[in-house]
Amino acid sequence: MAIARKHPTHRAATICLGLFLALALSAMPVSAAPPGPLKLPNFDALSGKARQSVVVTLDSSLLSLAAGFLDSSSPDDAAAKQIISGLTGIYVRSYTFDSDFVYPQSDVDALRRQVSTPSWQHVVEVRNKGDQENVDIYMSVEQGRANGLVVIASEPREFTIVNIVGSIDLQKLQRLSGKFGIPKLPVEKSK
Amino acid sequence: MSEELEKGLRQALRPVDPGERFTDGVMARAGAQESARLERPQPDSPGHARPWGHTPMWRWLSGAAAAILIVVLVVHTQQVRHTREGLAARQALIQALQVTAKSLEFAKRAVNDSNAPSRVPDSGA
């Protein structure tokens with residue numbers, strides 16, 4: 001049996017082609033795949049400083065587990081059940097402090113960098129210099145349907161990150177207003 | 001002193017003829033013990049009455065009951081853990097939705113209050 005031995009130059013060319021293909025594949029846009037959860041910074045140090053902190057990490061298995069314990073006869077639970085159908089993850093970090101700007105701004109900037117990719121659309125950006133309230137809402141939309149939402153809201157004494165992963169029905173999400181103890185914002189009618 | 005002891009031992013250990021009836025007596029007692037053993041019911045024979053707790057049926061039942069008890073305990077523990085985890089997940093979900101709702105309301109208010117031009121997500125997306 002004859003064994004075909006490759007010439008060293010041929011072998012080097014094959015390796016170069018392989019490397020090129022690997023680089024090309026890694027450089028391809030990944031917008032087709034829905035964005036996964038953000039890499040949230042480790043805020044353990046903040047929990048000790050915060051007056052109140054909410055840390056929620058719900059992946060798809062925990063969401064389905066929670067859905068099984070929602071009472072459909074309760075309006076709030078029914079709304080929650082509708083909202084989480086199609087979601088694959090909810091990640092929340094919210095901290096309230098007794099003094100101003102305890103949280104590291106670099107972590108907020110790092111989060112903003114994560115969503116400054118083409119797969120995310122920066123749909124709301126509010127910078128209120130007077131009250132120093134900043135709100136950013138990023139959405140990932142694929143085929144006309146939102147499949148990722150990130151809310152970064154920061155005030156001098158409050159810092160909140162919400163990352164919702166999966167198919168999001170914004171109309172259902174809007175119905176959150178007035179539920180779960182959140183007062184409904186009055187809608188100003190145009191005169 | 002030692003001579004007396006030796007004499008006593010010799011006297012005690014001297015060979016004594018057991019007599020002609022000794023062999024007959026031993027044989028008769030051995031025969032009686034053997035016949036008594038044969039007349040006693042064997043453990044596996046129908047006439048043998050074991051204590052109730054030592055019967056094979058009882059052993060089988062107690063083993064099965066122990067196995068069932070273990071299975072019930074394991075299932076119950078798993079159900080309790082599942083319920084606890086489910087309720088904790090539900091509580092976490094409600095909390096997450098509360099924070100989300102609050103953040104969206106905050107965003108709405110900030111957009112309404114802000115004089116700067118801002119974009120609001122299209123709800124029909």
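Key figures for this structure:
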quantity: Residue within region A:83-103 that is in contact (Cβ under 8 Å) with a residue 24 or more places away in the chain and more than 21 Å from B:SER103 (Cβ to Cβ) present; calculated: yes
quantity: Pairs with Cβ under 9 Å, 6+ apart, first in region A:107-121 and over 13 Å from A:TYR138 (Cβ atoms), second part of a helix (DSSP H, G or I); calculated: A:ASP107/A:LEU46
quantity: Leading residue by the ranking (nearest to A:PHE101 (Cα to Cα)) among those in region A:135-151 that are part of a strand (DSSP E or B) and more than 8 Å from chain B (Cβ to nearest Cβ); calculated: A:ASP136
quantity: Test: residue in region A:60-81 that is within 30 Å of B:THR83 (Cβ to Cβ), more than 10 Å from every other protein chain (Cβ to nearest Cβ) and under 16 Å from the mean Cα position of the chain (by Cα); calculated: yes
quantity: Matching option when the condition is more than 7 Å from chain B (Cβ to nearest Cβ), surrounded by fewer than 18 Cβ atoms within 10 Å (Cβ to Cβ), touching a strand residue (DSSP E or B) at 6+ places or on another chain (Cβ under 6 Å) and modelled with pLDDT of 75 or more, among A:SER154, A:SER167; calculated: A:SER167
quantity: Count of region A:125-139 residues which are at pLDDT 90 or above and more than 28 Å from A:ASP44 (Cα to Cα); calculated: 0
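For every residue, the table says whether it meets (1) at pLDDT below 90; (2) among the aliphatic types (A, V, I, L, M).
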site: A:HIS7; (1), (2): yes, no
site: A:PRO35; (1), (2): yes, no
site: A:ASP44; (1), (2): yes, no
site: A:VAL55; (1), (2): no, yes
site: A:SER64; (1), (2): no, no
site: A:ASP77; (1), (2): yes, no
site: A:LEU87; (1), (2): no, yes
site: A:PRO104; (1), (2): yes, no
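The values are calculated or read from the model by the stated rules, or taken from the named source; none is laboratory data. What you see is a predicted model; the values in this text were computed from it and never measured. Neighbour counts run over all protein chains shown; Cβ positions are idealised from the backbone, glycine included.
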